[in-house]
Structure formats: C-alpha cells, structure tokens
Amino acid sequence: MGKETENWWHQAEADFKAAVFNFNGKQYYVASFLFQQAVEKALKALMLKEKKELLKSHSLSRLAKELNTPLALLAKLAILEPVYQETRYPDVSEKIPAEEFEEEDASKFLEIAEEVMQWIRKRIK
C-alpha cells in the first residue's frame, strides 16, 4: 500500500473510531457524519490503490461505482450518502442536525460503515 493510500485508510479508521466514540456518547448527528466520512475516505483509499488516482467527490455512490462495488453495498451506500449534507447544514431538513439524528439512525449508519469498510479492508490489504 502506497503512502497516500495508507494515509487515507488510516484517517478512515480514525474517523470510524471517533464515530463510535460519539455514538456511545449519544452525539448521534456527529457519529452519523463521521460514519459517512469514514466510508468516503476508505473508498478514496481504495481508489488510490486500484486506480492510482483520487476522485474528488463526496458522492459515495459515484466513488463506489468507479470501484465496481457489489450492488448490495451500493444500495446501502445510497442510504448513507445524504448524511454528508444532512448532518452539516441546518437548512437541509425541518430540524437542525443536532435534533434530526437519533440512535436508530446512527446505529444503521454504523452497520453500513462496518460492512463497507470490511469489504474495502479485504481489497486494500
């Protein structure tokens, strides 16, 4: 694994750990954002390894399609993808992010992030 790929992968893992920390602390919107970020950075690490280039996009679906991600995972990524905006901007929903996300939401995102990162880990190592 090249240095840049390694940097993206290690940051993805750090984001995942921070997401779990925030989840356990009941900061569900922060946890949700960090689960999305962990997956985005992990996909970018895999892209660097396999394609030797970095696609500058926040679209999990676009990154995943470039990597021939299985359809089952693409469907799950489509659930996680909007979290990037929904957790950051108070005008995306009727509620501000701090009030929008609950334990059930963050728990679903944790499961998706774990599954996607396990799939990537097998390909990246």
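The number of residues in the stretch 1-33 being among the aromatic types (Phe, Trp, Tyr) and either touching a Ser or Thr at 6+ places or on another chain (Cβ under 9 Å) or under 23 Å from Ile96 (Cβ atoms) (or both) comes to 5. Hey, any hits in the stretch 17-34 for a residue that's under 21 Å from Lys122 (Cβ atoms), part of a helix (DSSP H, G or I), modelled with pLDDT of 95 or more and in contact with an Asp or Glu (Cβ under 9 Å, 6 or more places away or on another chain)? No, the stretch 17-34 contains no residue that is under 21 Å from Lys122 (Cβ atoms), part of a helix (DSSP H, G or I), modelled with pLDDT of 95 or more and in contact with an Asp or Glu (Cβ under 9 Å, 6 or more places away or on another chain). In this structure, does Leu80 turn out to be surrounded by 14 or more Cβ atoms within 10 Å (Cβ to Cβ) and hydrophobic (A, V, I, L, M, F, W, C)? Judged against the criteria, Leu80 is a match. Within the stretch 3-57, the residues that satisfy the criterion of being basic (Lys, Arg) and either surrounded by fewer than 16 Cβ atoms within 10 Å (Cβ to Cβ) or in contact (Cβ under 8 Å) with a residue 60 or more places away in the chain (or both) are Lys3, Lys17, Lys26, Lys49, Lys51, Lys52, Lys56.
May I ask you to say which residue of Ala42, Ala31, Ala18 is in contact with a Leu (Cβ under 7 Å, 6 or more places away or on another chain) and small (Gly, Ala, Ser)? Of Ala42, Ala31, Ala18, the one residue that is in contact with a Leu (Cβ under 7 Å, 6 or more places away or on another chain) and small (Gly, Ala, Ser) is Ala18. The number of residues in the stretch 63-95 that are more than 13 Å from the chain's Cα centre (by Cα) and either assigned to a loop (DSSP other than H, G, I, E, B) or more than 17 Å from Trp119 (Cα to Cα) (or both) comes to 13.
The values are calculated or read from the model by the stated rules, or taken from the named source; none is laboratory data. Only a predicted model underlies this, so the values are computations on that prediction, with no experimental measurement involved. Every residue, glycine among them, receives a Cβ derived from its backbone with ideal geometry; neighbour counts consider all protein chains shown.
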